[in-house]
Amino acid sequence: MVATMDRPFWQMWLSLMLILIPLYGLFKKLQLSDDPDFVSDQEVYKNV
């Protein structure tokens, strides 16, 4: 990805994160529903 002159790098990084984070959450949710043995992050924190 190439940073353009009118848009700073941090702004581009932020927009990329805004796209990737919901996709990651959706992926985790799908993975959670498909695999009964999969332990969610919340359960891990509760048991620690």
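State whether the residues of the range 25-38 include one that is surrounded by 10 or more Cβ atoms within 10 Å (Cβ to Cβ), modelled with pLDDT under 65 and either among the small types (Gly, Ala, Ser) or not in a helix (DSSP H, G or I) (or both). Walk me through how you get there before you give the answer.
First pass over the range 25-38, keeping only residues surrounded by 10 or more Cβ atoms within 10 Å (Cβ to Cβ): 25-32, 38.
Filter again for modelled with pLDDT under 65, leaving 38.
Checking which are either among the small types (Gly, Ala, Ser) or not in a helix (DSSP H, G or I) (or both) leaves us with 38.
Yes; the residues of the range 25-38 include at least one that is surrounded by 10 or more Cβ atoms within 10 Å (Cβ to Cβ), modelled with pLDDT under 65 and either among the small types (Gly, Ala, Ser) or not in a helix (DSSP H, G or I) (or both).
Quick one: in the range 1-13, which of the residues that are surrounded by fewer than 11 Cβ atoms within 10 Å (Cβ to Cβ) and modelled with pLDDT of 65 or more is nearest to the chain's Cα centre (by Cα)?
Among them, the one singled out is 10.
The values are calculated or read from the model by the stated rules, or taken from the named source; none is laboratory data. Only a predicted model underlies this, so the values are computations on that prediction, with no experimental measurement involved. Please note: Cβ atoms are built from the backbone with ideal geometry, for glycine as well, and neighbour counts cover all protein chains shown.
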